[in-house]
Amino acid sequence: APAVEVRDLRVRLDGAPILAGVDLTVAAGEWVTVIGPNGAGKSTLLRAVGGLLPAPGAISLFGTPSESLRRRERARVVATVAQSPVVPPGMAVLDYVLLGRTPYIPPLGRESAADLAAAYDVLDRLDLAGFHDRELATLSGGERQRVFLARALAQGATLLLLDEPTSALDIGHQQEVLELVDQLRRAHGLTVLATMHDLSVAGEYADRLVLLADGRVVASGAPREVLTERLLAEHYRASVRVVDG
Ligand code: ADP
Ligand code: MG
Ligand code: MG
């Protein structure tokens, strides 16, 4: 079964149609990035896939209808990194990563040796071994994004949902974070579903881009098939005008 199967997903928020019948399939091991202008519905789509918005009947994860997953089962299947994750004030890196191991019980001081080992392992792999005791608020954007990834990886889920993982980063750190996600995906057989409104690096690691505009999928395919002048001019009107000055 595909990692993600979305069929005719319709979402209304505050009475307004935000997603107007979205179909999307992500194969196991694939990296799909959803692009589209601000307000297109990218975050809403990701939230629905992650189970943070009800979407009865529309979404299956690895062949199982999303709504029939229990919370703990879901935590093993899918991990979400929100666009701007809420970080409890004063929280240290290691404690934050431990939240990924035990998302539904208070972890502090109650973590098992296995959970601690898993958190250390993930922090090592993301080059964060020296950061265990650092307060998250003191990290750079790129370091913080790696910590957010670490929490998601610590969860042990096979599907990673990354909402705008690069939007807060400068170009060097964008490359670094995407390269890291790609390495992790290959090393651990992960599936990646990301969103990016900025097109500068959107096509570099994704197997496929899906262009969302006004709550609908208007194009899907290899990056070079979607990043065409015609499609972007049609659906990124405001941004294109800004680029043109
Ligand atoms: P994107 O991530 O592509 O920028 P979003 O999914 O965040 O788009 O939002 C899509 C549209 O839905 C926007 O017009 C936004 O204002 C609207 N929207 C998002 N969340 C809510 C909400 N909770 N209530 C009402 N409208 C919302
Ligand atoms: Mg937005
Ligand atoms: Mg968004």
How many nm is it between the label spots at Ser200 and Asp121, if each spot is 7 Å from the Cα in line with the beta carbon? 3.6 nm
Using a Förster distance of 25 angstrom, determine the FRET efficiency expected from the C-beta separation of Ser140 and Glu229, and round it to 0.05. 0.10
Take the alpha carbon gyration tensor of region 34-167, find the square roots of its eigenvalues, order them as a ≥ b ≥ c, and report rounded if a/c is under 1.5; if not, report prolate when a/b exceeds b/c, else oblate. oblate
Between Arg216 and Asp133, Cβ-based FRET efficiency (R0 35 Å, step 0.05) works out to 0.15
How far, in nm, would the chain grow between Gln175 and Ala20 when pulled straight, counting 0.36 nm per residue and subtracting the alpha carbon separation? 52.5 nm
What distance in nm lies between label points placed 7 Å from Cα along the C-beta direction at Arg71 and Asp8? 3.2 nm
What shape does region 1-45 take by its C-alpha gyration tensor, where a ≥ b ≥ c are the square roots of the eigenvalues and a/c under 1.5 counts as rounded, a/b above b/c as prolate, and the rest as oblate? oblate
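Taken together, the values in this text are just the output of simple stated rules run on the coordinates, not laboratory data. All figures in this text were calculated on a predicted structure; none of them were measured in a lab. Methodologically, a virtual Cβ is constructed for each residue, glycine included, from the backbone with ideal geometry; neighbour enumeration extends over all protein chains shown.
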